[in-house]
Structures are given as C-alpha cells and as structure tokens.
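J.: Below is one structure. I have some questions about it.
Derivation of every value follows stated rules applied to the coordinates shown; laboratory data play no part. If you're wondering where the values come from, they're calculated on a predicted model, not measured in any experiment. No Cβ is skipped: glycine too gets one built from the backbone with ideal geometry, and neighbour counts run over all protein chains shown.
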Amino acid sequence: MRQSQLFTKARKEAPSDEVAKNAQLLIRAGFIYKEMAGVYSFLPLGLRVLNKVEDIIRREMNEAGGIEMRTAVLQSKDVWEKTNRWDDEVVDNWFKTKLKNGGEVGLSFTNEEAYSNILKQYISSYKDLPIYPYDFKSIFRNESRSKSGIMRGREFYWKALYSFSQDEAEHEVFYEKMKTAYRNIFDAVGIGHVTHLTFASGGTFSKFSHEFQTVTDAGEDSIYIDEKSGIAINKEVYNDEVIADLGLNKESLVEKTAVEVGNVFSLGTKFSAPFDLKYKDKNGEEKLVVMGSYGIGLGRLIGTVVEVLSDDKGIVWPKSIAPFAVHLVELAGADDADIHAEAEKLYGELTRKGIEVLWDDRDLRAGEKFAESDLMGIPLRAVISKKMIEEGKVEIKIRATGEVRIVDRADIPSIVDKIN
C-alpha cells in the first residue's frame, strides 16, 4: 500500500474526551475512528490488525476442533424468555428495538441462548456429540459507562465458542484443550509473558471458571499472582480456602492490576435444560447436553496489546498482528525522481517476496515522517534517501528495540524474518 493513497492521517492530539491510552494512540495513528463513547469504527490500518487477530484465533479454534458459523445479531424475544434473560430486571444492558410489523427484538449481548436454540434442531443422539461451534460477530451492550477505549465498548467484535458434550468427562477434555488454545493466542499476539491463567468464580456449575488476565495499569480487575508458577487468583475468590485448594503460598502471592482478555466457563446444563436440549445415549436414555463457553473480545485484545507494548513514541506492534511488516520511508523532494524510483524498486522487491509493505511516498519532512512511523508502530522501518543511494545501502530501524542499522537491501527479508 502507498501511504499517499491512505485517506487516514496521523494526528498530533487525540479527541479531548478520550482518556484511554489505547484509544488515544489508535485514533492518533489512524487505526480507529471514535463514533461515540464506547463505539469505534476500524479504519483501513485497524482492520488489517483486526483481521490478523481474527486469523490467529480462528486457527486455534479450528485446531481444537471448532466449527465456524455465524449467528444472527437480531435476537427473538421468545428464545430469550426461555431462560428469563429477556427481562430487563435480569439483564439490564440489552439494546432492544420494535419491529414495524409488531413485536420486539434485541441485539445480541451474548450467545448462549442463540446456540442452544439452534443446536436443539440438530442434536438427538450421542452420535451427534460432541460439537464445538463458534463465530465472530458484533455484540452490543448498553453499558452505563465506557471509559476504557476499545477495551470496553457498547459495540464490540468478539469470538465465542460453545461446547456441547455428552457428559462432564467429555466436557473437561475439551475445556483443557481450550485453555491451551487460549494460551497459544496470547503468546501469538505478544502478551503471553504478562497474561496469567486466573481462577475465578465458577458460579453454580463448577468450583472455578478460568480467566486470562493481562497485567496492565489500564485494567479494572485485581488479581493475586504466584510469580513462580504464573497462576493467579481473581480478587473475587481470593481467600485462604482457595489458596489452599490450589496449593499456593499466600506469602508468595503478589497483587496486580489486570484486564480480562479471555475466559472459559463450564455451563453445565443451565442453557440446555430450558431448551430441552437432550440426546439419547447408547442405552437409549435421554440426557441433557453439557455445555461450556469460551470467549475473547478482539477489540479488547488489541487495546490490551497497545496498552502493554506501547512506548513514549507510540504503538509497538508485534509482527504477527502488525498492519504491515515494513514501513518503507522515502526521503525525496519533488525533484528527487531517482530516490522515488529506488524506493519503488525496493517496494517491488519486498512485496514480491510476500512481505507486506506500507510505502510512505508522500512529500513531507523527514522528521514528520519518522514521528508518524514511530506512532504507527510497524515493526521495521526502511529508509531510502540520497545518502543511502550513494552508499548502495538502506537505513533500517527496529521499532521494538529502537536499533538503527545500515544494511544491504538484500538483507531486509532475513531481518524481517527474525523480528518477533
């Protein structure tokens, strides 16, 4: 992509009403646009990041046996009345609207009922189980406050997978598989080193559920971490009994502020029973399907990456989810056709090797280009200037480390390969 064709422009200041660092940086760098509090549009650069995060999650879900589908955003009142979650006294963050021909619908705030209602039509025998459907979709929650940028939105994009199993034993096998899949996701996007498997309340279905909590001052949760094992306990269940159950030493637990970036829950039969979601086992006996829930908010995950990895110059993307691998910056004026031609040549060489390149072909001052490049956080910056052409070299900068080197242009692909 040529930067001259990119309609978004970097900004020196974020909107005055934006207090979250993740949103401030993403808005300034041209990744997102703030529509209103808690609602953001993903601009071309932001969409490239979102798509890469989605691909990582999809890969892990498919590897674990997930089957992708897409559930509707508009939800029927009748379906949600089966679990009493249509009632505003039970769920107070619905967005609801009237149909012109009568009746009322809601915008999805979660997916348990939707999946149970659909799977009811397709499960009748033990031979139909287990099933692990999932989807990516927009979710809507009428939150009373929204001050954490894209980490807490009224509209947000998420992945939710629901497991449908014959019994607890079958459920537990998949549950453990999903914990591994989530760990792989957080490692892949660059925050695995500060993300902890965290024991939280399991409600009425199990002693614990599990959250993945990333340590950051931008978080809203308090967790207690055993730094030797990496295991953590959410403050909501932090007590001597839980500490003993987990075989941890209270004196070694350190309190940290964190943000929940994913969760896995055992649901038991809470959402299968209201829909009479049953199957016949090998003996012909009817049994309720056992369910589990596994969620990740993609915007929240991206916002957390920005909060954790950014520095005083701007965003620092890991290569796995960066919008481009290389930011090619030409330092050419209107009369420097040779510099422009050399930049175009390098752009072609890199793209033919499958390297994603954003080419800054604009007529701007070097300082302005470099500041914008640092703000955008693309992993490697390659500079073509008159001096570099004379030397037959390219100046590169590794965004994450700040290292600057003069290299042969042929070396750039191998350098990109080594960047995390």
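J.: Please report, in whole Å³, the volume per residue of the convex hull around the C-alpha atoms of region 326-418. Mind showing how you got there, number by number?
T.: Values: hull volume 7.9 nm³, N = 93.
Hull volume over Cα atoms, normalised by residue count, gives 85 Å³.
J.: Let me ask another. If the cut-off is 19 Å between C-alpha atoms, which lysines fall inside it for K280, apart from same-chain ones fewer than 8 positions away?
T.: K120, K127, K270
J.: Quickly work out the S124-to-K280 label distance, labels modelled 7 Å from Cα along the C-beta direction, and quote it in nm with one decimal.
T.: The modelled label-to-label distance comes out at 0.9 nm.
J.: Further, regarding this structure: Evaluate the distance, in nm, between pseudo-label points positioned 7 Å from the Cα of E251 and of K96 along their respective Cα→Cβ axes.
T.: Rounded to a tenth, the inter-label distance reads 5.6 nm.
J.: Another question about this same structure. Three principal axis extents, largest first, for the C-alpha atoms of the chain, in Å?
T.: For the chain, the Cα extents along the three principal axes come out at 81, 62, 44 Å.
J.: Moving on to the next point. So which GluC sites (Glu not before Pro) in region 355-420 pass both tests, a DSSP loop state and at most 12 other Cβ atoms within 10 Å of the Cβ? Don't skip to the answer; put the middle values down first.
T.: Details: sites: E356, E368, E372, E390, E391, E395, E403; in loops: E356, E403.
Listed in order of number, the matching sites are E403.
J.: Among G66, A258, Q3, which residue has its Cα furthest toward the positive end of the charge dipole of region 3-309, with +1 on Lys/Arg Cβ and -1 on Asp/Glu Cβ?
T.: After comparing all options, I get Q3.
J.: Taking R0 as 41 Å, what FRET efficiency do you get between E168 and N51 from their Cβ-Cβ distance, rounded to the nearest 0.05?
T.: Numbers: r = 37 Å, r/R0 = 0.89.
Efficiency, from the Cβ-Cβ distance: 0.65.
J.: Oh, and also: Taking 30 Å as R0, compute the FRET efficiency from the Cβ-Cβ separation of D417 and L6 and round it to 0.05. Don't skip to the end; give the middle numbers.
T.: Working: r = 26 Å, r/R0 = 0.86.
E between D417 and L6, to the nearest 0.05, is 0.70.
J.: Mind checking the dipole of the chain: about its Cα centre, +1 per Lys or Arg Cβ, -1 per Asp or Glu Cβ, Debye to the nearest 20?
T.: 820
J.: Can you give the charge dipole size of region 81-224 about its Cα centre, rounded to the nearest 20 debye, using +1 on the beta carbon of Lys and Arg and -1 on the beta carbon of Asp and Glu? Write down the numbers at each step before the final one.
T.: Working: 18 positive and 22 negative charges, 99 e Å.
With Lys and Arg at +1 and Asp and Glu at -1, about 480 debye.
J.: For n ≥ 4 DSSP H runs only, could you compute -39500 (n - 2.57) per run for the chain, divide by its residues and tell me the 222 nm figure to the nearest 500? Could the numbers behind the result be given before it?
T.: Working: 11 runs with 120 residues, N = 420.
So the calculated ellipticity at 222 nm is -8500 deg cm²/dmol.
J.: Nearest-5 percent of antiparallel DSSP beta bridges in region 326-418? Can you show the working numbers first?
T.: Working: 8 of 17 bridges.
Antiparallel bridges make up about 45 percent of those DSSP assigns within region 326-418.
J.: Please compute the length gained on full extension between A37 and K287, using 0.36 nm multiplied by the number of residues separating them and subtracting their Cα-Cα distance. Show your work: numbers first, answer last.
T.: On the way: separation 250, 0.36 × 250 = 90.00 nm, distance 4.55 nm.
Here the segment from A37 to K287 would lengthen by 85.5 nm.
J.: Within straight cross-link reach of K82, meaning Cα distance under 19 Å, which aspartates and glutamates are found once same-chain residues fewer than 8 apart are removed?
T.: Candidates past the 8-residue exclusion: D92, E104, E112, E113, D276.
J.: Now, a different point. Find how many whole Å separate the alpha carbon centroid of region 104-127 from the alpha carbon centroid of region 226-241.
T.: Region 226-241 and region 104-127 have Cα centres separated by 34 Å.
J.: Separation of region 310-367 and region 265-304 by C-alpha centroid, Å?
T.: 47
J.: Check the straight Cα-Cα distances from K387 and name the lysines below 23 Å, setting aside those fewer than 8 residues away within the same chain.
T.: Here the lysines satisfying the reach criterion relative to K387 are K345, K369, K397.
J.: Between A29, V305, P274, whose Cα lies farthest towards the positive end of the dipole of the chain when Lys and Arg beta carbons carry +1 and Asp and Glu beta carbons carry -1, centred on the Cα centre?
T.: In the chain, that residue is A29.
J.: Report the residue, chosen from K159, K319, K287, that carries the largest GNM mean-square fluctuation when the chain is represented by alpha-carbon nodes joined by springs under 10 Å.
T.: Judging by the Gaussian network model, the answer is K287.
J.: Here's a follow-up. Along Cα→Cβ, 7 Å out, is where each label goes; now give me the distance between the ones at E368 and L74 in nm to one decimal.
T.: 4.8
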